[in-house]
Amino acid sequence: MPMKKDVLKVVAKSILGVITLLFSFGLFAQGQTNTPKLPNDFWRNVQFGGGIGLSIGSGYTDITIAPSAIYNINQIVSVGTAVQFGYISAKNDYTSTLYGASLIGLVNPIPQVQLSVELEEINVNTDYQYLGGNNTNTIWNTALYLGAGYRTGNVTVGVRYDVLFDYNNGYYSDPFMPFIRVYF
């Protein structure tokens, strides 16, 4: 779909522009002064988190590993990245492996509210064992999530919505997705 790709390009360029702009403010603030240099604060502003999922049942296995890291520009704005790996197997039905990455932007207008934007690109490779033989399907799924959540300490619970969602072509079955974020 050419329209979806054009929208994706505009959105990706906009997100990269915002991230560049946010980092530029930090660079302009680093002017020459006569005060002694302080140690590099970069790692003090980095938080790590992510998710681990395991679901095992009668002939079904779902394993997900999704580490992420964010850089706190200030108390309100954070940017980061995540990677995702997954394996799903339904006995005598299909197996699916996926991998991908995300760019994340977080805004905390007040300490209890977290707004987010996340651009996710995942590759999904599915092998079907039914329908008279093995069939393979590989897709790239692009999602642009806008989210909101309640934040307490290092934990945020909320929901996100994929604005690029297409019911006829994609990996997920619904544009809404609940989330729990934890960063240390």
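Quick note: the coordinates plus some simple rules give every number you see, no bench work behind them. Quantities reported herein were computed from a predicted structural model and do not represent experimental measurements. Note: ideal-geometry Cβ built from the backbone for every residue, glycine included; neighbour counts use all protein chains shown.
Please give the net charge around Ile70, taking every other residue with its beta carbon less than 12 angstrom from that of Ile70, where Lys and Arg add +1 and Asp and Glu add -1.
Details: positive: Arg181; negative: Glu118.
Charge balance in the 12 Å sphere: 0.
How much net charge surrounds Gln114 when only other residues with a Cβ under 14 Å from its Cβ are counted (Lys, Arg +1; Asp, Glu -1)? All intermediate terms of the calculation are to be shown ahead of the outcome.
Values: positive: Arg151, Arg160, Arg181; negative: Glu118.
After counting each charged neighbour, the total is +2.
Describe numerically, in nm with one decimal, the distance between label points set 7 Å from Cα along Cα→Cβ at Phe48 and at Val77.
Going from the Phe48 label point to the Val77 one covers 2.7 nm.
Around Ala82, under 12 Å between beta carbons, what's the net of Lys plus Arg minus Asp minus Glu among the other residues?
Numbers: positive: Arg181; negative: Glu118, Glu120, Glu121.
Here the charged neighbours net out to -2.
Give the Debye-formula value of log10 I(q)/I(0) at each listed q (0.11, 0.16, 0.20 Å⁻¹), with one equal scatterer per alpha carbon of segment 53-184, two decimals each.
Log10 of I(q)/I(0), two decimals: -0.46, -0.88, -1.22.
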